[in-house]
Structures are given as structure tokens and as C-alpha cells.
Amino acid sequence: MRAIAPSRRYYRSPMTRSYDQDEALAVLDWLQAMGVDAAVGETPHDWLARANDPPGSGFAFPSRDLAAPPASKPAVLGAPAASRPLPTRPIRGTGGETARPRATTPLGANEAETGARRIARAANTLIELETALVDFDGCGLKSTATKLCFYRGATQADVMFIGEAPGRDEDLAGKPFVGRAGQLLDKMLAAIGLSEANVHITNIVYWRPPGNRTPTPQEALSCRPFLERQIELVAPKMLVAVGGSAAKEVLGATEGIMRLRGKWRDVTVGDRKIPAIATLHPAYLLRTPAAKQLAWMDLLQIKSKL
Ligand code: URA
């Protein structure tokens with residue numbers, strides 16, 4: 001963690017008061033214990049002082065079932081009308097008993113026309129979609145992240161890997177799966193003859209959750225119209241959800257990853273049904289090497305489908 005130079009002098013926080021070196025180090029220890037592991041800007045922000053304008057408050061959550069924070073700005077960030085057919089439904093699993101009622105889903109046609117969906121559907125290329133994400137303030141994670149983390153890999157690919165969320169390394173690099181887990185993912189890809197040149201890699205949210213926590217359903221929901229549009233633009237023949245959170249979001253299921261992994265299901269994105277499979281997250285495999293044999297079985301399924 002950077003921030004405090006080791007000279008004995010006083011440090012003034014614009015939020016509060018001056019600290020001497022010992023106090024400053026104690027504050028840093030406390031922040032670290034609370035999960036802070038990277039500085040995200042040169043200037044401190046007192047988020048508590050912005051209680052009436054929390055991160056993401058400009059986005060109106062389209063689902064009635066979600067407790068939406070009061071919007072302080074209009075929800076619809078003006079965007080041109082779409083010029084090609086677009087999804088009216090989000091990713092939806094067809095896994096029988098595993099399909100869950102999407103309490104968090106902006107499914108209705110009217111709802112789908114609003115906010116993030118309207119912006120995402122106007123993008124006709126990944127570059128336009130990235131620009132739209134840069135301008136999008138509907139996901140609170142953006143406020144604390146360093147960089148947008150959109151994708152890495154091919155712009156058109158037969159296989160699209162979708163992980164949970166950027167971590168620290170991804171947040172600094174602005175690309176998904178570039179840290180230790182990403183390096184293992186690359187090795188897994190290589191084992192079945194794939195590489196960044198022929199796969200597309202992204203996450204269910206585009207900004208790092210503070211302290212690497214799991215993204216909330218609201219955060220995933222706010223990013224989902226962009227993810228759906230991204231899938232349409234990349235036009236993969238199959239989706240691979242990497243880890244439990246991505247599996248639930250992509251497959252529309254509630255079971256744990258151990259039950260979800262290794263089985264193909266169709267998910268609907270726009271007007272296409274796409275085969276999707278879940279596998280174990282490489283971060284989990286780093287902690288639990290014995291599980292690699294399960295991941296290998298999933299990889300073989302992907303290879304044979306290709
Ligand atoms: N874990 C993920 O799920 N995604 C990343 O991009 C990095 C780590």
C-alpha cells in the first residue's frame with residue numbers, strides 16, 4: 001500500500017485533521033484490515049460526506065424487486081436509438097429446475113428500454129460499447145475502481161469466458177484476468193489449444209469491487225445490459241462462466257458451482273440461444289489444486305464442443 005512517506009512530519013487529510021506518523025501508520029493498518037489494498041487516486045474522497053449522492057445513485061434500478069437507492073439524476077443517459085435488433089430479454093438459463101425466477105431482472109419491454117439497456121443497445125461495436133461504459137455512471141463500483149476493465153482477447157471469438165469481477169491487478173491494468181488467476185486461466189486455455197488470440201475474456205461487472213468482495217446483485221444487474229450487448233457483438237458459439245458468481249449470473253441458476261459446473265445449458269441472449277457451461281475459478285484452483293481434475297474435465301467438454 002502506498003501513501004505515507006516514512007519521514008516524521010505531519011500529514012493533513014482534507015477530510016479530517018493532521019496525523020503524526022504513528023497515527024498515520026495506525027490509520028493505514030486499520031484501512032488494510034478493512035480490506036483496502038490499493039490507492040485508487042491521488043486525492044482522498046470522503047464518501048461519507050456524499051451520503052446524499054452515493055456512488056451509482058444516478059441509475060434507476062429497473063426491477064421493482066430490488067431496493068433501489070433514490071435516484072438524484074435522471075436514469076436515462078440519452079443515447080441514440082439502436083440501429084439493429086437488440087435483446088429484449090437478459091441472459092436466461094434453460095436448465096429446468098435450475099432456472100430461477102429473475103427477481104433482479106429488467107425483463108419487461110418498457111423497462112428494457114431504459115437506462116443501461118438503452119445505452120448498451122446503441123453500441124454497434126465493442127469500441128462504442130466501451131465508450132458507453134466509460135460514460136456510464138449506473139454502477140457504483142466505478143466510483144472506487146481505478147480503471148474500466150472491459151475485455152481482453154479477440155473481438156470475435158467462438159468461446160467467451162466470463163468471470164466474476166476484476167481484482168487488484170486487473171483494476172490497475174484495465175484488463176480482465178491478468179493477475180495470478182488470469183495466468184492460470186491462460187494455462188488452462190493453452191491446455192486445450194486456445195489463447196487470447198481466439199477467445200474473448202470478460203467479467204460480469206466491469207469495475208473492481210472494493211476489497212475484492214463479490215459483486216452485489218444490483219451491481220451485476222447494472223452491468224448486465226452491457227454484458228448482453230458484448231455477447232451479441234462478439235457472437236461466440238459458446239459461453240464459459242468462470243466461478244460461482246459468474247455461473248449464477250450467466251446460467252440464471254441458484255445452485256453452487258459444484259452442482260452447476262460441467263453441464264451444458266442453453267442461455268438466451270437477444271434472439272440467440274447459446275450453449276453455456278460453468279467451470280471452477282482459477283483463483284479457487286490455486287487454493288485447491290486437487291480440484292484441477294474437475295476443471296480439466298470441464299475443459300475437455302469445451303474442447304470437444306469446439
Ligand atoms: N477474477 C475474475 O473473476 N476476473 C478477473 O478479471 C480476475 C480475477
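Here's a check for you: in the range 169-187, which residue that is closer than 22 Å to D135 by Cα and in contact (Cβ under 8 Å) with a residue 60 or more places away in the chain is farthest from the ligand (Cβ to nearest atom)?
My answer is L172.
For every residue, the table says whether it meets (1) over 23 Å from A122 (Cβ atoms); (2) under 22 Å from the mean Cα position of the chain (by Cα).
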| site | (1), (2) |
| --- | --- |
| T214 | yes, yes |
| S222 | no, yes |
| K248 | yes, yes |
| M258 | yes, yes |
| R265 | yes, yes |
| A278 | yes, yes |
| H281 | yes, yes |
| Q293 | yes, no |
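Which one of A190, A283, A235 is more than 26 Å from R117 (Cβ to Cβ) and more than 16 Å from the ligand (Cβ to nearest atom)? Before the answer, list the steps.
Values: A283 fails: more than 16 Å from the ligand (Cβ to nearest atom); A235 fails: more than 26 Å from R117 (Cβ to Cβ).
Selected residue: A190, the only one of A190, A283, A235 that is more than 26 Å from R117 (Cβ to Cβ) and more than 16 Å from the ligand (Cβ to nearest atom).
State all residues of the range 273-306 that are open to solvent by less than 10 Å² (accessible area, probe 1.4 Å) and either out of contact with any Leu (no Cβ under 9 Å at 6 or more places or on another chain) or under 22 Å from A220 (Cα atoms) (or both); if no residue qualifies, say none.
Passing the criteria: I274, A276, I277, A278, T279, L280, P282.
Residue-by-condition table, conditions (1) open to solvent by 10 Å² or more (accessible area, probe 1.4 Å); (2) under 15 Å from the mean Cα position of the chain (by Cα); (3) over 18 Å from Q230 (Cβ atoms); (4) modelled with pLDDT under 95:
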position: D169; (1), (2), (3), (4): yes, yes, yes, no
position: A191; (1), (2), (3), (4): yes, no, yes, no
position: L194; (1), (2), (3), (4): yes, no, yes, no
position: Y206; (1), (2), (3), (4): no, yes, no, no
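Suppose the filter is acidic (D, E), more than 12 Å from the ligand (Cβ to nearest atom), over 23 Å from A276 (Cα atoms) and out of contact with any strand residue (DSSP E or B) (no Cβ under 7 Å at 6 or more places or on another chain); does D137 pass it? Please lay out each step first, then the result.
Details: acidic (D, E): yes; more than 12 Å from the ligand (Cβ to nearest atom): yes; over 23 Å from A276 (Cα atoms): yes; out of contact with any strand residue (DSSP E or B) (no Cβ under 7 Å at 6 or more places or on another chain): yes.
Yes: the conditions hold for D137.
Which ones in the range 237-272 are in a strand (DSSP E or B) and surrounded by 17 or more Cβ atoms within 10 Å (Cβ to Cβ)? Let's see the steps before the verdict.
Quick first cut of the range 237-272, residues in a strand (DSSP E or B) only: 238-242, 265-269, 272.
M238, L239, V240, A241, V242, R265, V267, T268, V269 - these are the residues of the range 237-272 that are in a strand (DSSP E or B) and surrounded by 17 or more Cβ atoms within 10 Å (Cβ to Cβ).
Could you check the range 259-280 and list, in sequence order, the residues that are within 16 Å of the ligand (Cβ to nearest atom) and more than 23 Å from E232 (Cα to Cα)?
L260, R261, L280
What residue, among those in the range 135-153 that are in a helix (DSSP H, G or I) and within 16 Å of P176 (Cα to Cα), is most open to solvent (accessible area, probe 1.4 Å)? First the steps, then the outcome.
Just the residues of the range 135-153 that are in a helix (DSSP H, G or I), to begin with: 135, 140-143.
Of the ones still in play, those that are also within 16 Å of P176 (Cα to Cα) are 141-142.
Details: L141: 2, K142: 53 Å².
For the range 135-153, the residue satisfying everything is K142.
Restricting to the range 154-168, give me the number of residues that are outside any helix (DSSP H, G or I), within 12 Å of the ligand (Cβ to nearest atom) and out of contact with any Pro (no Cβ under 8 Å at 6 or more places or on another chain).
Going through the range 154-168 one residue at a time, the tally reaches 3.
Quick check, is L221 crowded, with 24+ Cβ neighbours inside 10 Å and either more than 16 Å from the ligand (Cβ to nearest atom) or at pLDDT below 95 (or both)?
Numbers: crowded, with 24+ Cβ neighbours inside 10 Å: yes; either more than 16 Å from the ligand (Cβ to nearest atom) or at pLDDT below 95 (or both): yes.
Yes.
The values are calculated or read from the model by the stated rules, or taken from the named source; none is laboratory data. Just so it is clear, the model here is predicted, and its values are computed rather than measured. Please note: Cβ atoms are built from the backbone with ideal geometry, for glycine as well, and neighbour counts cover all protein chains shown. Note: areas computed on protein heavy atoms with side chains; ligands, DNA, RNA excluded. Shrake-Rupley method; radii C 1.70, N 1.55, O 1.52, S 1.80 Å.
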